[in-house]
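Please treat every number below as a calculation from the coordinates, not as lab data. Computed from a predicted structure; not experimentally measured. All Cβ positions, even for glycine, are placed from backbone atoms using ideal geometry, and neighbour counts span all protein chains on display.
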Amino acid sequence: MLSLSLSDARRILLERSRDLGAAQAALDAAEGALFSAARRPNPVLTIGAGSAQAGEYRPRDLDRNVRLDQLIERGSKRELRADAARQAARAARMDLGDVRRRLGFALAQAYYGLKSAQEAVDYAQANADAFARNLDVARRRLKAGDAAQADVSRIEVDAGQADNDLRQARAEREAAQVALASILAREADARRLLASDPWPEPGSVEPPAERIAALLERRPDVQAATARLAAAEARFEGARALRTRDFSVGVFADQNRLANGGTTFGVSVSVPLFLNNDYTGEIRQAEAERVAARIELERARGDALAELHRAQSAVRASAERVERLEARIVPSARAAARATEFAYSRGAIPLTDLLDARRSLKATERDLVEARAARAIAVAALEASLPPSAPDAPQPDAPSMPDATTPDAPPR
């Protein structure tokens, strides 16, 4: 068996998770787009040759021209484009953190689901062993003439059901192993996985009420939505800046051998005329995207608060349930089962009392397993609903915006 603690499982998750790999690739793509957005437009070089007179096609008689044009952006278009890309990269970085947060909770669910399934197998095995003992006692009493065949048959039915429950519990354990292995990308090791950690102590991770709003603003999904709104704002300003005319400056040299045998130099300026498109559509689209980003931010904040409240309620309810089961209900059911087994083995009580005690113990033990798993998952959900207590080291938002005269450097 491959015994895993929850910390070991988290380490494997960070190393092997396919979802984290995809989120990292999205971040790399966003940072690559940022590097491109921060550059000035490339100049355009045009080289041509031709002849203005028929029959004059010898290379030495051809006209030649060379032209170099550079687009000059105005209205802070480059800065706005880079700002939008910078915020998009920041959102992708926060998305990576949110994927890590959600995967951590999914891992806790799968881990404690496996632990619950392991305990269910243990309880089912104990129940099957107890019925096997009861059946052995009943058969001895039947031989001694102290029990009826009907009693033995009834115990055989319940013993068979206990065996079926054991097989079902083992199948559920295998399913839980597969679920955990799938999250860890260790499918080949599924049947060997074993959750070795004890159930977590109840404790309390609930934040003070006055700090909840500030804490939720630090959640990666809320920060990602905030960055997307900032990117949408920058794109909107960039769309408005389209109405500020850019212009192209060009220098050229024309060599006309047949006309004057010399070279003509010149300078040109090109300016667009907004006769057919004044960019109203682009501005309206960017405005709609900005409104949608603002709505998504409000939704992210609301979802985060609702998630926190659900987790708080689940932690309180599950903790109370576990406390009742561990302190009173399960110990009483176990004591009753031991007493009835002892009494039945000596013929002091009827079979129905024994079967009722065994069924009651089986139900309470299953409740205990489910309650412990629910409490552990609720605590994990509460932890996942809050930002990390030790956030990742800050990373630079973007590469510096290079100057047109500096050589290109490969993106990080």
The chain - Debye-derived log10 I(q)/I(0), Cα point model, q = 0.09, 0.11, 0.14 Å⁻¹: -0.79, -0.97, -1.23
Nearest-20 debye value, the chain charge dipole, Cβ charges on Lys, Arg, Asp, Glu: 220 debye
Could you name the lysines whose alpha carbon sits less than 25 Å from that of K362, not counting residues in the same chain fewer than 8 places away? K115
Note down the nm distance, to one decimal, between modelled labels 7 Å out along Cα→Cβ at A22 and at S313. 3.1 nm
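So what is the orientation-averaged projected area of segment 319-370, using the convex hull of its C-alpha atoms, in nm²?
Working: hull surface 13.0 nm².
For segment 319-370, the mean projected area of the Cα convex hull comes to 3.3 nm².
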P(r) weight above 14 Å for segment 275-351, C-alpha pairs, percent: 80 percent
Report the net charge of residues surrounding A84, where surrounding means a beta-carbon distance below 12 angstrom and charges are Lys +1, Arg +1, Asp -1, Glu -1. +3
Can you give me the angle between helix 77-143 and the longest principal axis of the chain, using Cα atoms only, in degrees from 0 to 90, rounded to the nearest 10? 10 degrees
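Please give the length that would be gained between N277 and K77 if that part of the chain were fully extended, namely 0.36 nm times their separation in residues minus their C-alpha to C-alpha distance (nm, one decimal).
On the way: separation 200, 0.36 × 200 = 72.00 nm, distance 1.79 nm.
Extra length from N277 to K77 when fully extended: 70.2 nm.
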20 Å cut-off, amide nitrogen to a point 7 angstrom out along R67 Cα→Cβ, residues in segment 269-289: 269-274
Cβ neighbours within 10 Å, averaged per peptide: list 85-92, 206-213, 138-145 in order, most packed at the top. 85-92, 138-145, 206-213
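About the Cα centre of segment 232-364, how large is the charge dipole given +1 on each Lys and Arg Cβ and -1 on each Asp and Glu Cβ? Please answer in debye to the nearest 20.
Dipole size: approximately 840 debye.
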Cβ-based charge dipole, the chain, positive-most Cα from G160, Q285, A339: G160
Two decimals is fine: what's Rg over Rh for segment 1-112, C-alpha atoms, Kirkwood radius as Rh? 1.43
Counting residues in segment 185-232 as N, plug N into 2.2 N^0.38 Å and put the Cα Rg over that result. 1.99
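Quickly estimate the mean residue ellipticity at 222 nm for the chain, helices only: each DSSP H run with n ≥ 4 gives -39500 (n - 2.57), and the total goes over all residues, rounded to 500.
For the chain, the value works out to -22500 deg cm²/dmol.
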How large is the charge dipole for segment 131-260, taken about the Cα centre, if only the Cβ atoms of Lys, Arg (+1) and Asp, Glu (-1) carry charge, to the nearest 20 debye? 360 debye
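Would you kindly state how much longer the chain becomes between R102 and D146 on full extension, computed as 0.36 nm times their sequence separation minus their alpha carbon distance, in nm to one decimal?
Numbers: separation 44, 0.36 × 44 = 15.84 nm, distance 6.10 nm.
The R102-D146 span can extend by a further 9.7 nm.
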Report, to the nearest 10°, how far helix 280-324 tilts away from the longest principal axis of the Cα atoms in the chain, using its own Cα long axis and a range of 0 to 90°. 20 degrees
I want the local charge near D8. Using Cβ-Cβ distances under 15 Å, sum +1 for each Lys or Arg and -1 for each Asp or Glu among the other residues. +3
S5 versus E201: modelled label distance in nm, points set 7 Å from Cα along the beta carbon direction: 1.5 nm
With a sphere of radius 11 Å drawn around the Cβ of E282, what net charge do the other residues whose Cβ falls strictly inside it have (Lys, Arg +1; Asp, Glu -1)? +1
What angle, in degrees between 0 and 90 and rounded to the nearest 10, separates the Cα long axis of helix 220-241 from the longest principal axis of the Cα atoms of the chain? 20 degrees
